[in-house]
1. Quick one: work out the % antiparallel among DSSP beta bridges in the chain, nearest 5.
2. Taking just the alpha-carbon atoms of segment 221-380, what radius of gyration and Dmax come out, in angstrom?
3. Counting each DSSP H run of 4 or more residues in the chain as -39500 (n - 2.57), what helix-only mean residue ellipticity at 222 nm follows after dividing by all residues, to the nearest 500 deg cm²/dmol?
4. Please give me the summed charge of the neighbours of Ile263: other residues whose Cβ is under 9 Å from its Cβ, Lys and Arg +1, Asp and Glu -1.
5. What is the distance in Å between the Cα centroid of segment 314-352 and that of segment 167-218?
6. Where does each of Thr50, Thr413, Thr347 land when they are ranked from fewest to most other beta-carbon atoms within 10 angstrom?
7. List, in the order given, every pair from Lys383/Lys405; Lys84/Lys133; Lys229/Lys260; Lys278/Lys320; Lys91/Lys383; Lys278/Lys363 whose Cα-Cα distance in the structure shown is over 22 Å.
8. Please report the net charge: other residues with Cβ closer than 12 Å to the Cβ of Ser315, K and R +1, D and E -1.
Amino acid sequence: MANKEIGRRGFLKKLGLAGAVVSGTSLASCSSDNKSAQKWSVEGTGGEPTGEMTYRTNPNTGDKVSLLGYGCMRWPMKKNEEGKDIVDQEKVNELVDYAIEHGVNFFDTAPVYLQGQSEAAMGIALKRHPRDKFFIATKMSNPRIPDFKQSVEMYRNSLKNLQVDYIDYYLLHSIGGGKGIETFKERFIDNGLLDFLLKEREAGRIRNLGWSFHGDVATFDYVLNMDVKWDFAMIQLNYVDWKHASRNNHAEYLYNELAKRNIPVNIMEPLLGGRLSKMADHLVARLKQRRPNDSVASWAFRFAGHHPGVLTVLSGMTYKEHLIDNLKTFSPHEPLTDEELEFLEETAQLYKQYPIVDCNDCKYCMPCPYGIDIPGILLHYNKCVNEGSVPKNSQDPNYREARRKYLVSYDRTVEKLRQADHCTNCGQCNEHCPQRINIPREIERIDKFIEQLKQETL
């Protein structure tokens, strides 16, 4: 990237590192393992779940839906003989079996998840269970192909890949992105696709029709006021986004507007892409002090499930330990007290003071045409900031050790040819980011920070 030189004070102010403190105890914990950076902390939560799952009833269909739903965007992966990342079907089967055994009956996927592998993996895993034991949700993920024929083919491929004759919950995927209402109309209205899907609902091949929302709130309001009966909707909701969403789409407003219309709500990102389970050490300590035997993540899940209009709370449980921890939280679900709600609001305010990037690791930005590992770069930075292992300046105690740790872990986490300095600022990633992050800008400022560490000009 050009213009590597930047004044130290100006850069740090721009980067927002004023609150990042170097901790001698946390230096070694800035992990070089990219996978471990995504794992939640579930210390002190060992043992098997023993309680009964909490269920919510869909007022439109009478469906008895588990309050914990399985999000299928982060299945365990492995390398095949050619070195390609593929879904580890054996592990998926094990996770699905365990989830169903313990009361989970809602599984949410999409044609684009795991670069097209998620639906087929779900179909294989669920085919081994009676059809009346689970509900399947999938999506019309056609932002790049609004053509009617291609979109219908995507829908029919979903039925084929999932190995089902009907879809329980079908969503118009990620409305509000692109040019807002204009893009929504191009994807679903002008090409006749919504009319087709409404007919599929009439025919019973779609039991519930709804949409997932990211981005432009004007689109949200427009769709709500259409002359269409929406059976449900999916929104991002957690105790930070409730009142402090980065782009003014506060979950409190979104949820209340849906509740007014008696539209059941499915929740995505209750952990903000895992960030509410891997927070700064002082925030972790704050939550642990209140409930030392519960995971940090359990607070976020209890908040998401607290609202009565919520039908199910989705979690992308890559590891069995996450599944077990969540099962304990929802078996049964314990509503929050007024005092706990106030406590979480205070925690949210403290969280927003910390300078991390709003990346949820959804990988919609991938693949980068220039090979940049966008989520790897952003998540490594977030992890180090949360752990207090980002050096503020050369005057910090343990600066040299912190500098070395950051650079070594960065090289181990992100391959050399996929690091931030290879970004060309083409901007292609921005149009696909549901969090509406200015990705090139974030990559550039992290790259400048890394360059200052290398040149010892911080």
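Read-outs: derived from the displayed coordinates by stated rules, not from any lab. As the structure is a computational prediction, the values presented were derived from the model and not from experiment. Here Cβ is always computed from backbone atoms with ideal geometry, including for glycine, and neighbour counts include all displayed protein chains.
1. Values: 7 of 35 bridges.
Rounded to the nearest five, the antiparallel share is 20 percent.
2. In Å, with Rg to one decimal and Dmax whole: 16.6, 49.
3. Numbers: 16 runs with 172 residues, N = 458.
My calculation for the chain gives -11500 deg cm²/dmol from helical runs alone.
4. 0
5. That distance is 30 Å.
6. On the way: Thr50 9, Thr413 24, Thr347 20.
With the fewest neighbours first, Thr50, Thr413, Thr347 line up as Thr50, Thr347, Thr413.
7. On the way: Lys383/Lys405 13 Å; Lys84/Lys133 33 Å; Lys229/Lys260 14 Å; Lys278/Lys320 18 Å; Lys91/Lys383 27 Å; Lys278/Lys363 19 Å.
Long pairs (Cα-Cα over 22 Å): Lys84/Lys133; Lys91/Lys383.
8. On the way: positive: Arg74; negative: Asp108, Glu269, Asp325.
Result for the neighbourhood of Ser315: -2.
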